[in-house]
Amino acid sequence: MIRTYAGHSSAKASNELYRSNLEKGQTALSIASEPPTQCGYDPDDPIARPEVGKVGVPINSLDDFHALFDGIPLEKMNTSMTINGTAMWLLALYVALARERGEDESKLQGTTQNDLIKEYLARGTYIYPPQASMRLIAEMYEYCLEAIPKWNASNICSYHLQEAGATPVQELAFALANAISLLDLLKERGHFDDEQFERAVGRISFFVNAGIRFIEEMSKMRAFGELWDSYTADRFGVKNEKYRRFRYGVQVNSLGLTEAQPENNAWRIILESLGVTLSRNARCRALQLPAWNEAMSLPRPWDQQWSLRLQQILAYETDLLEYPDLFDGSPVVQAKVQALMDEATAEIETILGMGGVIPAIESGYMKTALVRSMSERMSRINAGEQIVVGLNKWTEGLPSPLTAGDDGGIFKVDEKAAEEIIASLEKTRATRDSARAQAAIDALKQAARDGSNLMEPSIECALARVTTGEWAGALREVFGEYRPATGIEGQQLGLTGDRVDMLRGRINTLAEQMGHRPRIVVGKPGLDGHSNGAEVIAVSARHVGFDVIYSGIRLSPDEIVQSAVEEGADVIGASVLSGSHIDLAKQILDGLREQGADEDISVVVGGIIPPADARDLESMGIKKVFTPADYELMDIMESIVEILEAR
């Protein structure tokens, strides 16, 4: 299957994009949802308002799904949804849509990502505590196996683990430990007989990452297949070879795409795709490629078309698909595969020895390992030990013609779309049968309390025009919310030398002058859960001598301001990757003024921020803006120190 990950602004605008991509030869859909939908908030909730429709499509009720899939036959479409905390809700909406359109829901095909373990570790759109989240996943398997037999209820997702810095061994081990723990839970719940359990194992699918070291990545995929076959046969007794097959889709690596010399990203993307296509016995079932400008903004329609054409050339012009596996019998490849398997198996057994992935999440073991790996990666790039062309070597080059157009190669969301979305939501609330909606919410909460499967109550909520925020809010009342470990404690960079020593000396001088060690609050305002940048900055600041306060993701601007005031901070460092940097920065600055702290606390902002927006931020009062081009951690730290020294 050939997909592009897409969705923005509104259901109507996204529907137009999907239909256009299908007409160009795309064969399946991959739905990108905005942060409020992923975190279970309606667009008129104060924490959601700045991010409505910015980096994905907003889905607030069944009315939006009617618009999103208008003219697209559900029975004939394979639909992948990158949705996790609200995965059950989105699947309920999809089933409800099929019922209202008179389509056979048993013929629905697709995948809900629904991997909350990796959300706690790397992506941040979790809502409920781990036990409740795993219950929701298990209940979706129990519903789908008979009602929607071609639906993958979840997709064990190692993609974001690599984006968070995971090594190939960690990607293998954490993903497989996750899948094994899920199967342990399904076994323990006792809903399936032996034949059904084997089929449920066969519905486990994976979504992986493929980086630029494509020989190692290809070996990783062969290791995935061999380990999965071994664990499903030996631990779970699955006899049917078909159900032990490692089924996976791919989005190739985005972490290595650069804002500097962005045209180079096209070559990175095609090379990364080789790791998951070269070996026939370890080839992906579905491939989606990022766009060359992902480190700069959302892709424009032309950018998505270019990614689609790359896949089509690989599939239809080359002879890639004509041969048996090219690497069977290669001693070099087999040795690499065996080494990966040995190291991954040791890590898997360590996690299972803790009692599975939930204890490993609650203790912070897995998160700490990822933060350490990302810190080591950034240290290697900063030290020049890991070359990134155009970023830390061969940085001189001619201007890219791809960014020379009027739009600068950047997609901009229609700012009026959010108002239209809120108006549409208000219309749904005003025209629905309120008594039916309230009864559906009450039934949902009752099922959550008594342990009944939540799928049918969720489908009734969808049909009754309950909203995304209402569905998630009802379960928040029963399950509560969760904040996992940040993983930054005890972490250090590998950077040493005169520059680091001089910076520490300047910070010591500042400490003497100020009467306290310089203090920075690193904040993730809003619903964007991509925390890698914030974590690396927190580790870096502590490495050079700052006092650091970092409380993790999903804080409101008011909460960040309050924390900075109470902690006596000198700087707020806000990280925003959701395209909402203008709105969120304004709220932080307004909050500081209201607290009378705007003269005492400086604000810097980092994220995927176009040059024009960076100028706007600095004119608003932001002291410094950092983008992916600012990869040198000591440069960033020195800039922050200069701000304090200039007071």
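The values are calculated or read from the model by the stated rules, or taken from the named source; none is laboratory data. Source: prediction; values computed, not measured. All Cβ positions, even for glycine, are placed from backbone atoms using ideal geometry, and neighbour counts span all protein chains on display. When the accessible area is computed, the model is the full protein with side chains, heavy atoms only, and any ligands, DNA or RNA have been set aside. Shrake-Rupley method; radii C 1.70, N 1.55, O 1.52, S 1.80 Å.
Could you please give the count of residues in the range 460-479 that are assigned to a helix (DSSP H, G or I), in contact with a Lys or Arg (Cβ under 8 Å, 6 or more places away or on another chain) and more than 15 Å from S133 (Cβ to Cβ)?
Of the range 460-479, the ones assigned to a helix (DSSP H, G or I) are 460-463, 468-479.
So of that shortlist, the ones also in contact with a Lys or Arg (Cβ under 8 Å, 6 or more places away or on another chain) come out as 463, 474-475, 477-478.
Subsequent filtering for residues that are more than 15 Å from S133 (Cβ to Cβ) retains 463, 474, 477.
Adding up the residues that qualify gives 3.
So which pairs qualify, if the first residue must be in the range 71-91 and without any contact (Cβ under 8 Å) to a residue 12 or more places away in the chain, the second must be in a helix (DSSP H, G or I) and open to solvent by 10 Å² or more (accessible area, probe 1.4 Å), the Cβ gap must be under 8 Å, and the two must be at least 6 apart or on different chains?
Filtered contacts from the range 71-91: no entries.
Among (1) free of Cβ contacts under 8 Å to residues at least 60 places away in the same chain; (2) within 22 Å of A417 (Cβ to Cβ); (3) aliphatic (A, V, I, L, M), which single condition is L145 missing?
For L145, the exception is condition (2).
Report, by residue number, each residue of the range 482-507 that is touching a His at 6+ places or on another chain (Cβ under 9 Å) and not in a helix (DSSP H, G or I).
Q491, Q492, L493, L495 - these are the residues of the range 482-507 that are touching a His at 6+ places or on another chain (Cβ under 9 Å) and not in a helix (DSSP H, G or I).
For the range 212-247, which residues satisfy the criterion of being at pLDDT below 95 and either crowded, with 24+ Cβ neighbours inside 10 Å or in contact with a Pro (Cβ under 9 Å, 6 or more places away or on another chain) (or both)?
Those that are at pLDDT below 95 and either crowded, with 24+ Cβ neighbours inside 10 Å or in contact with a Pro (Cβ under 9 Å, 6 or more places away or on another chain) (or both): none in the range 212-247.
Scan the range 411-425 and give yes if some residue there is farther than 20 Å from A92 by Cβ, small (G, A, S), at pLDDT below 95 and assigned to a loop (DSSP other than H, G, I, E, B), otherwise no.
No, the range 411-425 has no match at all.
Looking only at the range 505-523, which residues are in contact with a strand residue (DSSP E or B) (Cβ under 9 Å, 6 or more places away or on another chain), open to solvent by 10 Å² or more (accessible area, probe 1.4 Å) and touching a residue at least 40 places away in the same chain (Cβ under 8 Å)?
H516, R519
What is the one condition in (1) touching a residue at least 24 places away in the same chain (Cβ under 8 Å); (2) more than 20 Å from A48 (Cβ to Cβ) that Q446 does not satisfy?
Unmet for Q446, out of (1) touching a residue at least 24 places away in the same chain (Cβ under 8 Å); (2) more than 20 Å from A48 (Cβ to Cβ): (1).
Here is a check on your reading of the model: is R377 basic (K, R) and within 24 Å of the chain's Cα centre (by Cα)? Spell out how you get there, then give the answer.
Values: basic (K, R): yes; within 24 Å of the chain's Cα centre (by Cα): yes.
When the stated conditions are applied, R377 passes them.
Would you please name the residue that is modelled with the lowest pLDDT, looking only at residues in the range 272-313 that are hydroxyl-bearing (S, T, Y) and under 22 Å from the mean Cα position of the chain (by Cα)? Outline the logic, then answer.
First, the residues of the range 272-313 that are hydroxyl-bearing (S, T, Y): 273, 277, 279, 297, 307.
Applying the additional criterion that residues be under 22 Å from the mean Cα position of the chain (by Cα) yields 273, 297, 307.
Working: S273: 96, S297: 79, S307: 91.
For the range 272-313, the residue satisfying everything is S297.
What's the total number of residues in the range 480-504 that are of a type outside the set (D, E, K, R), surrounded by fewer than 17 Cβ atoms within 10 Å (Cβ to Cβ) and within 19 Å of G384 (Cα to Cα)?
Taking the range 480-504 first, the residues of a type outside the set (D, E, K, R) are 480, 482, 484-488, 490-497, 500, 502-503.
After this cut, where a residue has to be surrounded by fewer than 17 Cβ atoms within 10 Å (Cβ to Cβ) as well, the list is 480, 490, 492, 494, 496-497, 502.
After this cut, where a residue has to be within 19 Å of G384 (Cα to Cα) as well, the list is 492, 494, 496-497.
Residues flagged as of a type outside the set (D, E, K, R), surrounded by fewer than 17 Cβ atoms within 10 Å (Cβ to Cβ) and within 19 Å of G384 (Cα to Cα) within the range 480-504 amount to 4.
Any idea which of W292, W306, W228 is within 30 Å of D630 (Cβ to Cβ) and out of contact with any helix residue (DSSP H, G or I) (no Cβ under 6 Å at 6 or more places or on another chain)? Don't jump to the end; show me each part of the working.
Working: W292 fails: out of contact with any helix residue (DSSP H, G or I) (no Cβ under 6 Å at 6 or more places or on another chain); W228 fails: within 30 Å of D630 (Cβ to Cβ).
Of W292, W306, W228, the one residue that is within 30 Å of D630 (Cβ to Cβ) and out of contact with any helix residue (DSSP H, G or I) (no Cβ under 6 Å at 6 or more places or on another chain) is W306.
In the set A13, A32, A87, which member is open to solvent by less than 10 Å² (accessible area, probe 1.4 Å) and either at pLDDT below 95 or in contact with a Leu (Cβ under 6 Å, 6 or more places away or on another chain) (or both)? First the steps, then the outcome.
Numbers: A13 fails: open to solvent by less than 10 Å² (accessible area, probe 1.4 Å); A87 fails: either at pLDDT below 95 or in contact with a Leu (Cβ under 6 Å, 6 or more places away or on another chain) (or both).
Matching residue, one of A13, A32, A87: A32.
When you look at T277, is it outside any helix (DSSP H, G or I), closer than 24 Å to N21 by Cα and open to solvent by 50 Å² or more (accessible area, probe 1.4 Å), yes or no? So that I can check it myself, show each step before the final result.
Working: outside any helix (DSSP H, G or I): yes; closer than 24 Å to N21 by Cα: yes; open to solvent by 50 Å² or more (accessible area, probe 1.4 Å): no.
Against the criterion (outside any helix (DSSP H, G or I), closer than 24 Å to N21 by Cα and open to solvent by 50 Å² or more (accessible area, probe 1.4 Å)), T277 does not qualify.
Among the numbered criteria (1) touching a Pro at 6+ places or on another chain (Cβ under 9 Å); (2) open to solvent by 10 Å² or more (accessible area, probe 1.4 Å), which single criterion is violated by T37?
Here T37 meets the rest and fails (2).
Residues in the range 524-547 that are open to solvent by 20 Å² or more (accessible area, probe 1.4 Å) and assigned to a strand (DSSP E or B): how many? Spell out how you get there, then give the answer.
So in the range 524-547, the residues open to solvent by 20 Å² or more (accessible area, probe 1.4 Å) come out as 530, 532-533, 537, 542-543, 547.
Then keep just the ones that are assigned to a strand (DSSP E or B); that gives 547.
Looking only at that region, the number is 1.
What's the number of the condition E470 fails, among (1) over 30 Å from the mean Cα position of the chain (by Cα); (2) over 30 Å from R300 (Cα atoms); (3) not aliphatic (A, V, I, L, M)?
Of the numbered conditions (1) over 30 Å from the mean Cα position of the chain (by Cα); (2) over 30 Å from R300 (Cα atoms); (3) not aliphatic (A, V, I, L, M), the odd one out for E470 is (1).
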